[in-house]
Every structure is written in C-alpha cells, then in structure tokens.
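J.: Questions regarding the structure given below will be posed in turn.
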Amino acid sequence: MFEPGDKVVHTRHGAGIVLETKTLVFDGEERIYFCVQMNDDRRTLMIPMENVDEDELRPAITDMSVIEDVLFNEPADLPDNHRTRQSDIRTKLKTRNPRKLAQALRDLIYLERTHRLTNTDAKLRDKVMQALTRELALRPSITVATARQNLQKLVDRAMHEHIDEEEEVTTS
C-alpha cells in the first residue's frame, strides 16, 4: 500500500511522509501501523494499516497541474447565504481532495475580488490555502513558504484572467 518515503495526505490531519511501518501489540493483538511524519509540525501520526482506505489516506499530488486546471476553470457562483456558502466550503476542506480544495480556493478568491468576504469566509480561504500549500510542500526541495508563493502566483494569474474575461463581457 504505502512505503517509507511515500508522500501522503490524511483527511483529518493533513499532509505528511510515511516514515516506516511498525508492528505493535495492543490488547494481545499484533497490529501494523503506518508512521506518518506530518509536515505541519513535529508530530508523528500512527495509523493502523487495517483502518486505511483511499478516503482516509491517499497519495499526495506530485505537481500543480490538477490545481492549475481547476483554478483556470470558470469560477462557480457561491451561495449568497453565508451559512450555506461556508458549510459547502467546510465540506470541501474536510475531504482534503486537491481538486475540491482548488475549487473552494478559486471560488472564494473570485468572490473576494468581485465582492467581499466575511471574516469567516476569509478564515476558510486561509485554511484551504494552507491545506494545499502543505501538500505541495511535500515535493522535493520545496518549502512551505515557496509552495505558498507558487500557489499565490498561480491564483493571481487565474484571477486576472477571470476578471479580465468578465470585464470584456460587460463592456461588449
């Protein structure tokens, strides 16, 4: 399934690297665990191998192409009702799916640049950005700061394109 050195994302805990598998005895029963070093702090997550499925632990993305594709797609109109909008974003955030995170980021930033965000919307935008950044920082020779800068540049290019297109449509 996963080997030491594999870059993974846990749906609740975020991005990390598999350090090793360990066999431990618990209640007289031997269990094999994945030991995952989380990249957001110094903690190591131990996940029983039999509890792992693709919804809980998945391979990390290896490049930004998935994110880039989503960011350059047409932004979706977010609900006007802030509770519904924020619930939808939280649901995407919980999945840790890079495509859904990129959709949430694109749509929130588009809303921010064309209208405005509530304080909670801004916090959710930052959480989505952080989740994507930490996963991208798993790539070789990329720091979290560099991953964030690269993602921000990509977002800025995509938003510039979307806003220019919107201005062309309204002036035609």
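The values are calculated or read from the model by the stated rules, or taken from the named source; none is laboratory data. Since this is a predicted model, take the numbers as computed values, not measurements. Cβ coordinates were reconstructed from backbone atoms using ideal geometry, including for glycine residues, and neighbour counts include every protein chain displayed.
J.: Out of curiosity, is Asp121 among the acidic types (Asp, Glu) and outside the structural domain of Arg157 (by TED's automatic domain parsing)?
T.: For Asp121, the condition - among the acidic types (Asp, Glu) and outside the structural domain of Arg157 (by TED's automatic domain parsing) - is not met.
J.: Separate question: Tally up the residues in segment 65-106 that are exposed (fewer than 13 other Cβ atoms within 10 Å of the Cβ) and of a type in the set (D, E, K, R), please.
T.: Qualifying residue count, segment 65-106: 6.
J.: Right, here's the next one. Pairs only if they're at least six apart or on different chains, beta carbon under 7 angstrom, first in segment 132-156 and without any contact (Cβ under 8 Å) to a residue 24 or more places away in the chain and closer than 16 Å to Asp63 by Cβ, second of a type outside the set (S, T, N, Q) and not in a helix (DSSP H, G or I); list them, first residue then second.
T.: Ala147/Ala137
J.: Quick one: Leu19 ticks every box in (1) in contact with a helix residue (DSSP H, G or I) (Cβ under 8 Å, 6 or more places away or on another chain); (2) farther than 20 Å from Gln130 by Cα; (3) of a type outside the set (Phe, Trp, Tyr) except a single one, so which number is it?
T.: (1)
J.: Could you list all residues from segment 118-132 that are loosely packed, with under 14 Cβ neighbours inside 10 Å and of a type outside the set (D, E, K, R)?
T.: Thr118, Asn119, Ala122 - these are the residues of segment 118-132 that are loosely packed, with under 14 Cβ neighbours inside 10 Å and of a type outside the set (D, E, K, R).
J.: A further question follows. Only one of Arg12, Arg106 is farther than 14 Å from Arg134 by Cα and either outside the structural domain of Arg157 (by TED's automatic domain parsing) or not acidic (Asp, Glu) (or both); which?
T.: Going through Arg12, Arg106 in turn, the sole match is Arg106.
J.: Just one of (1) in a helix (DSSP H, G or I); (2) over 26 Å from His13 (Cβ atoms) trips up Arg134, so point out which.
T.: Looking at each condition in turn, Arg134 falls short on (2).
J.: Whether any residue in segment 26-44 is of a type in the set (A, V, I, L, M), out of contact with any Ser or Thr (no Cβ under 9 Å at 6 or more places or on another chain) and without any contact (Cβ under 8 Å) to a residue 40 or more places away in the chain is what I want to check. First the steps, then the outcome.
T.: At the first step, the residues of segment 26-44 found to be of a type in the set (A, V, I, L, M) are 32, 36, 38.
From the residues that got through so far, the ones that are out of contact with any Ser or Thr (no Cβ under 9 Å at 6 or more places or on another chain) too are none.
No, because not a single residue in segment 26-44 is of a type in the set (A, V, I, L, M), out of contact with any Ser or Thr (no Cβ under 9 Å at 6 or more places or on another chain) and without any contact (Cβ under 8 Å) to a residue 40 or more places away in the chain.
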